[in-house]
Amino acid sequence: MRKVITGNHATAYGAKLSRPGVISAYPITPQTTIVEHIADFIADGELSCEFVKVESEHSAMAACISAQNTGARTFTATSAHGLALMHEMLMWAAAGRLPIVMVNVNRAMGPPWSIWADHLDSVAQRDTGWMQVYCEDNQEILDTTIMSFKVGESRDVLMPTMIAEDAFYLSHTVEPVDIPDQEDVDAFLPPYDPPFKLDVDDPKGFGSLVMPNNYMEFRYLMKLALDRARERIVEVDREFEEAFGRSHGGLVDLYRCEDAEYLIVAVGTTSSTVREVVDQLRSEGEKVGLARIRVFRPFPVDEVRAMVRGVKGVAVLDRVYSFGAFGPFYTELIAALYGQDERPVIKDYLVGIGGRDVRSKHIRDIYSNLKAVTRDGLDSETEWIDLNRPGGGA
Amino acid sequence: MGRFTIPREEYMRSGHVGCQGCGACHAMRYALKALGPRTIISIPACCWAVIPGVWPSRNLDVPMMNSAFEVTGASISGIRAGLDAQGKRDIQVVGWAGDGGTADIGIQALSGMVERGTNVIYIMYDNEAYMNTGIQRSSSTPVGAWTTTTPIGSTGYWEADEKKDMAEIMVAHRTPYVATANIAYPEDLIRKVRHAMEVQGPKFIQIYAPCPTGWRMDPGRTVEIARMAVSTHLWPQYEVDHGIYTINLKPKKTDLKEYVKLQGRFRHLPADFVDAWERRVDRNWERLLEKERFTRELVEKGLLPFHPLHGSSGKRPGGVGSHSADLPTADEVREDGE
Ligand SMILES: Cc1ncc(C[n+]2csc(CCOP(=O)(O)OP(=O)(O)O)c2C)c(N)n1
Ligand code: SF4
Ligand SMILES: [Mg+2]
């Protein structure tokens, strides 16, 4: 069934089709309509699940963790301050090896108050152990929700996933979305069957005190799980393509990168604008492609190494800045490439922070600048694009 | 041969790592005897996060999960929802938290859990301070007490505020069943837990649990001091069942000085402070007697017991706790136009 719906509506469909046993969530702009759509599904009898209407996001994640621990599949959604409030529980979910799926609508953090797109909220949760998938369109959100349950619930992964969608560009923008049939999703995604759970017939304890002689091993097992998840994400993307006829690119979504001399690395919805510009530039004879980092955790180290082979210059578009350092996607890219024999010139461009529009013109300027610094040498590692008072006290 | 008044079954094995004379350990042992094996427990950060033992050892024979300090109410809401989603309705879900995890950092999640009518038992074992982190004051610390954040110093910096009344806060939430209990009265404690198992909706039990380490008392006198808490009227043993107060024990009042004398945490208190405190204790006791009398009047007027609208996670009746199953559900009430 094809419907013209918002990213938030697509999220709610993705959750519904995955048949969660428990949903627990708390409203925050611009995530609110996800919660509302889910409530509508339940009220209309289209979705049968326990909906725990908690008093905070912290409790939402705590309820999901505990429900998942009983063997129920759980889902939640949040944004910005809600995600920040969950921080402690995000680590609990990951280390508890609970494959919860959560959609985070990427929104700027206050102060000053802002409700528009920005990646600081999710990137700040980078080290919690959650997988992170950044989406480019509404179809991808729906499909990724279903796929993430399958990846996370794999016995050799058992880790939670955060799906990131840009505020308003996706959350509130309508697009045609194919909504798969329930039977097809059921065939693709088997019921959740964890190896351990809270069970009165097989009583076990979870999360007990562990001494330093054992703690490190638990963390090492998490490392192995996310390493394995790299392969599972690609496998499940392929299985999804077989079942539903579309793929979203696995870890890195490459667009016109064959024979490219220059790459523009983008994340989330900025990628769509870059796609347009790549088409324009290609028609003008430029050898440029788009590399959309789809999965930030686990970081696609091998894919990133492979994609820059033969490339002269790389522009990284970061919609988030790590104060006192660089843009985080840039840092990660550099870390993956350091030690490689062949390294392109790489420059970090800060764009769209707090929902400022990233236009084709900006991308073209960035491309010109990238060519110049590739030829003449880097002027600086990072450049903030479209500041009101460049070089001033902005 | 005499009749055993306490079940012989044990779900807490030997080998706990709590201190000698730990009241919180008595509390768990008795509570589990009442709860039995079809119970799932969530325990936040507190002494009881450590007492079961270091991984991979564990002295509890029921499934349990550790959770973060402030989430017990949300955690057991999640466990209940997860079990309900799988049709497992015959399992008791229990939150087991300290006074800090309940009255302070966890009160928001607890309030939400109760307000949603969640079908769970929340047990607060009250040792009157943050013991796990080394005896810092909580809002449940009694007035006058020494703790490491209310040191006496040269200025008499002891706890200046009165103990927060969690049971009354829970009554104000229209919690279907609220009770205080005490490790020195195990039959009463077990009866209350068993009654809670029969009641539909949220249940709250606050158990007085002396902490020899934090109270600076002789670990051999845990039960004796716990009894004195009741006989001094400092810790009334009562329950509030769908709004109706019952004081379970009305002992002849004993001297608060005797109670204070046995605990190093009160050693510094001047005699006139204890006298003034005792007068407050007496007034609290009188007020409680009046509440018991008044709510009985309300029963005669047909205003109590109150009928909660909620069942477990919403409208579905059934599952553990059948006590109020004959009460109207939200849907029925709507039909009645009430
Ligand atoms: C968010 C958070 N803040 C602080 C702590 C540290 N902490 C652990 S247990 C505890 C005190 C627990 O007191 P209480 O709930 O009364 O239980 P008790 O230790 O007395 O049994 C504190 C402050 C924590 N674990 N988590
Ligand atoms: S510190 Fe107190 S409550 Fe904690 S284990 Fe020791 S005696 Fe028990
Ligand atoms: Mg305490």
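Annotations for the structure displayed:
- The packing ranking of peptides B:99-111, A:302-314, highest mean first, is B:99-111, A:302-314, where packing means the average number of other beta carbon atoms within 10 angstrom of each residue.
- Residue with peak Gaussian network fluctuation, chain A [Cα springs, cutoff 10 Å], from A:ARG246, A:ARG219, A:ARG126: A:ARG219
- Student exercise, segment B:23-334 dipole from Lys, Arg, Asp, Glu Cβ charges, in Debye to nearest 20: 440
- Spin-label pair A:SER380/A:ALA187, simplified geometry with 7 Å Cα→Cβ offset, distance in nm: 5.6
- Helix axis angle, A:270-283 relative to chain A longest principal axis, alpha carbon, degrees: 40
- Within 10 Å of each Cβ in A:11-21, the average number of Cβ atoms from other chains: 1
- Candidates A:GLY324, A:GLY339, A:GLY14, ranked by Gaussian network fluctuation over chain A, Cα under 10 Å, top entry: A:GLY324
- Between A:PRO27, A:ASN369, A:PRO99, the Cα set farthest toward the positive side of the dipole of chain A (charges on each charged residue's Cβ, about the Cα centre) is that of A:ASN369.
- Neighbouring Cβ atoms from other chains, within 10 Å of the Cβ of residues in A:191-201, number 3 on average.
- Positive-pole candidate from A:ALA77, A:PHE168, A:GLY339, dipole of chain A, charges at beta carbon: A:GLY339
- Rounded tilt (10° steps) of A:360-376 against the dominant C-alpha axis of chain A: 60
- Projected label distance in nm at B:ASP255 and B:ASN284, using a 7 Å step from Cα toward the beta-carbon: 2.1
- Put a plus charge on the Cβ of each Lys and Arg, a minus charge on the Cβ of each Asp and Glu, and nothing anywhere else: the dipole of segment B:156-202 about its Cα centre is then about 260 debye.
- Rolled with a 1.4 Å probe across the full set of protein chains, the surface gives B:TYR11 an accessible area near 40 Å².
- Per-residue shielding of A:43-54, expressed as the average number of other chain Cβ atoms within 10 Å of the residue Cβ, stands at 4.
- Selection from B:MET170, B:GLY95, B:LEU304, by position along the positive dipole direction of chain B (Cβ): B:GLY95
- Residues of segment B:164-192 with amide N under 15 Å of the 7 Å Cα→Cβ point at B:SER14: none
- Sorted peptide list for A:70-76, A:4-10, B:211-217, criterion being average Cβ within 10 angstrom, highest first: A:70-76, A:4-10, B:211-217
- Ranked from largest to smallest solvent-accessible area, with a 1.4 Å probe on the protein heavy atoms, A:SER59, A:SER272 come out as A:SER272, A:SER59.
- Helix A:7-17 axis versus longest C-alpha principal axis of chain A: approximately 40°, rounded to the nearest ten.
- Set of aspartates and glutamates with alpha-carbon distance to B:LYS252 below 14 Å, sequence-local pairs under 8 removed: B:ASP282, B:GLU286
- Proximal aspartates and glutamates relative to B:LYS33, as straight alpha-carbon distance under 12 Å, when same-chain residues fewer than 8 apart are discounted: B:GLU9, B:GLU10, B:ASP61, B:GLU187
- Rounded to the nearest 20, the size of the Cβ-charge dipole of the protein assembly as shown about its Cα centre is 2200 debye, with Lys and Arg at +1 and Asp and Glu at -1.
- Mean ellipticity per residue at 222 nm, deg cm²/dmol - from DSSP H runs of n ≥ 4 across the protein assembly as shown, formula -39500 (n - 2.57): -12000 deg cm²/dmol
- Too-long pairs where the Cα-Cα distance tops 28 Å, listed order kept, from A:LYS312/A:LYS361; A:LYS53/A:LYS150; A:LYS3/A:LYS287: A:LYS3/A:LYS287
- Rounded to the nearest 0.05, the FRET efficiency derived from the C-beta distance between A:LYS361 and B:GLN86 at R0 = 51 Å is 0.40.
- The protein assembly as shown: C-alpha gyration tensor shape, a/c 1.5 cut-off, then a/b vs b/c: prolate
The values are calculated or read from the model by the stated rules, or taken from the named source; none is laboratory data. Remember, it's a predicted structure, so these values are computed and weren't measured experimentally. Heads up, the Cβs are rebuilt from the backbone with ideal geometry, glycines too, and the neighbour counts pull from every protein chain shown. Heads up: the accessible areas ignore ligands, DNA and RNA and are worked out on the full protein's heavy atoms, side chains in. Shrake-Rupley method; radii C 1.70, N 1.55, O 1.52, S 1.80 Å.
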